[in-house]
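The values are calculated or read from the model by the stated rules, or taken from the named source; none is laboratory data. Since we're looking at a predicted model, the values are computed, not measured. So basically every Cβ, Gly included, is an ideal-geometry build from the backbone, and we count neighbours across all protein chains shown. Note: accessible area is taken over every heavy atom of the protein model, side chains too, but ligands, DNA and RNA are not part of it. Shrake-Rupley method; radii C 1.70, N 1.55, O 1.52, S 1.80 Å.
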Amino acid sequence: MHAFVRNDDILGDLFLPEPENANGVGIVWCPGLPNTPIAEDMAIPLSNAGFIVLQARYPGSWQSYGKFGPSSSIQGAIKGLELLSKGKATDLATEKAVEWSYNRLVLVGNSYGGGVAASTLALTDLAESAVLFCPLLKPANQNTNTTQPEDDLTTLLPYLKRCHENVFRDIDESEWSDFLRGNSVLNPSVYIETLRNRKILLVHGQEDKTIRSFHTENFYNNLIAVGATKTELLLVDGVGHGKALRSKNLGLLDELDIKLNRGTENYSSISLC
């Protein structure tokens, strides 16, 4: 079932599984930049697999209200978790009520959205865990290794303003500059002590030249150094950034639910589809 729903400033698409297939896990999807309203590879396949999937627009983007930026992106993820936690909403298209039941909520983020998901996990207890695909974890360190060049984040804001001015609206350039320097609420590296007790799966393609995988490895090692025992890292050979990584490892979301909440084998034993 597909419904278009709202919680305060955020609007988004809600995909509900058939009742007989439901596994009780709700997912709030945190997309990268730029994005589209629906990431089809993360919506219907996961819903068919039994997950409740909310793909909400960040505040100030697409149909959502407010201003777009790093801090509002986190608030948007929290609003998404709040919406799923209610277990009911109104489908704005039909004005009919839709309902669902859940056992736990998970944040899933990609690239910029991976940083949003990680930071949100540290700032709220509404989600039990997070899956981070090729996440942007420390913006200030992006493209600082001259031997492994990657995307220059300083070009992103001009691109959004030039090419997507009606999609990502009212961006505060000062806040964005602080974000790039690491002086932002959207900076997972400052939440290491909090995140060491949270359930996290980090997934990164080793051929990723947009955000290099060593950033994710460093983040994982920092978590382990402070005593994290619920964090897993999976580096995937032969895969780059974004959709290809997600589609190859989509089954990991079900494995995450099994391993972190029922306790089975390590991720190293998973066969990738």
Extreme residue, farthest from TRP62 (Cα to Cα), among residues of the range 4-37 that are without any contact (Cβ under 8 Å) to a residue 40 or more places away in the chain and surrounded by fewer than 18 Cβ atoms within 10 Å (Cβ to Cβ) | GLU20
Please find, among SER64, SER47, the residue that is out of contact with any His (no Cβ under 6 Å at 6 or more places or on another chain) and part of a helix (DSSP H, G or I).
-> SER47
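Regarding the range 170-180, can at least one residue be identified that is assigned to a helix (DSSP H, G or I) and of a type in the set (Val, Ile, Thr)?
Just the residues of the range 170-180 that are assigned to a helix (DSSP H, G or I), to begin with: 173-180.
If we keep only those that are of a type in the set (Val, Ile, Thr) too, we end up with none.
There is no residue in the range 170-180 that is assigned to a helix (DSSP H, G or I) and of a type in the set (Val, Ile, Thr).
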How about the range 170-186: which of its residues are farther than 20 Å from SER129 by Cβ and either among the polar types (S, T, N, Q) or under 18 Å from the mean Cα position of the chain (by Cα) (or both)?
-> SER174, SER177, PHE179, ASN183, SER184, VAL185
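Here's the yes/no breakdown for (1) part of a strand (DSSP E or B); (2) within 22 Å of TYR159 (Cα to Cα):
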residue	(1), (2)
VAL5	yes, no
LEU14	yes, no
GLU20	no, no
TRP29	yes, no
ILE38	no, yes
LEU54	yes, no
SER71	no, yes
Looking at the range 53-63, is at least one residue of a type outside the set (Asp, Glu), modelled with pLDDT under 95 and either closer than 24 Å to ARG246 by Cα or surrounded by fewer than 22 Cβ atoms within 10 Å (Cβ to Cβ) (or both)?
-> no
When both residues are 6+ apart or on different chains and their Cβ atoms are under 8 Å apart, which pairs have a first residue that lies in the range 121-135 and is without any contact (Cβ under 8 Å) to a residue 12 or more places away in the chain, and a second that is open to solvent by 20 Å² or more (accessible area, probe 1.4 Å) and not aliphatic (A, V, I, L, M)?
-> none
Only one residue in THR210, THR216, THR144 is more than 27 Å from TYR65 (Cβ to Cβ) and open to solvent by 60 Å² or more (accessible area, probe 1.4 Å), so which one is that?
-> THR144
